[in-house]
Amino acid sequence: MGQETRTTEVLGPKCVIETGNPQMGMSGRDSTKILCTNDMAMRFILSHTESGLSKITTEGTVQVEAAASPKLSEGVVAYEIIAHKGDFALNVDKGSTKVYARQIVLQASKEIVIDAPNIRIGSDNDGATKDIKIIGQHVDIKSKKGNLANCLMESSYLKAFDGTLVSDLALIASGSPLAAAAKVGAEVAKKLFG
């Protein structure tokens with residue numbers, strides 16, 4: 001494909017529409033491209049390639065607003081992204097991903113995975129998170145340290161003394177709620193049996 005198939009229409013000093021560019025890019029040749037700029041020389045490009053990839057590229061911030069019409073009701077789906085095949089990937093290389101809503105629902109037909117070196121559920125502010133429910137027919141929790149590990153008798157501290165003559169003392173020293181019950185039981189047994 002040569003330069004004879006290339007068409008360029010200049011709509012002004014800040015907007016150009018181009019079709020049939022024979023130059024090969026990483027995604028193949030551009031079928032159609034709209035190139036825009038502003039007074040600060042920040043570019044905005046819409047392109048559709050011969051390989052089928054469509055791209056929106058901007059050097060500034062992108063803002064999408066939807067359902068601003070007063071004719072729409074509150075419960076309408078205002079913004080929807082549908083991927084008929086393949087995955088949906090969202091990369092934020094040098095920042096955070098923030099989602100704000102009255103309610104956030106994650107649903108999957110197979111599995112939801114939360115994977116990170118540190119995971120926090122609940123607010124940093126004391127008392128802000130009032131209720132956490134874990135509901136399931138089968139719940140597994142594996143832990144080596146922490147007060148939950150102590151309650152579940154899974155901490156390495158308690159496992160080190162498991163099966164020894166001082167396992168009861170180790171449980172009491174752990175400070176877990178189970179330890180408090182064991183301590184009371186030990187005191188009752190001492191009173192009853194000397």
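Nothing in this text is a laboratory measurement; each read-out follows from the coordinates by a stated rule. Worth saying up front: this structure is predicted, and the values here are computed from it rather than measured. FYI the Cβ positions are ideal-geometry reconstructions off the backbone, even for glycines, and counts take in every protein chain you see.
Note on ILE45 and ASP115: the model spin-label points, each 7 Å out from Cα along the C-beta direction, lie 3.2 nm apart.
Pairs from the table (LYS85/LYS110; LYS94/LYS130; LYS94/LYS144) lying more than 28 angstrom apart at Cα are LYS94/LYS130; LYS94/LYS144. Using 0.36 nm per residue and subtracting the Cα-Cα separation, the extra length available between ASP124 and SER27 on full extension is 30.5 nm. Computed from the Cα positions only, the extents of segment 51-158 along the three principal axes stand at 58, 40, 31 Å, in decreasing order.
In loop segments of segment 1-95 as defined by DSSP, the trypsin sites (Lys or Arg not before Pro) with at most 13 further C-beta atoms inside 10 Å of their C-beta are LYS14, ARG43, LYS71, LYS85, LYS94.
On a full-extension model of 0.36 nm per residue, what is the gain between ASP93 and THR19, subtracting their alpha-carbon distance, rounded to one decimal in nm? Numbers along the way, then the final one.
On the way: separation 74, 0.36 × 74 = 26.64 nm, distance 3.19 nm.
Using 0.36 nm per residue and subtracting the Cα-Cα distance, I get 23.5 nm.
Between ILE141 and GLN103, take the C-beta separation as r, use R0 = 30 Å, and let me know the FRET efficiency to the nearest 0.05. Could the numbers behind the result be given before it?
Values: r = 26 Å, r/R0 = 0.86.
E between ILE141 and GLN103, to the nearest 0.05, is 0.70.
Taking a ≥ b ≥ c as the square roots of the eigenvalues of the alpha carbon gyration tensor, segment 12-87 is oblate, as a/c is not under 1.5 and a/b does not beat b/c.
How long is the gain from GLU65 to GLU9 if the chain were fully straight, where each residue apart is worth 0.36 nm and the alpha carbon distance is subtracted?
The span from GLU65 to GLU9 would gain 17.3 nm if fully extended.
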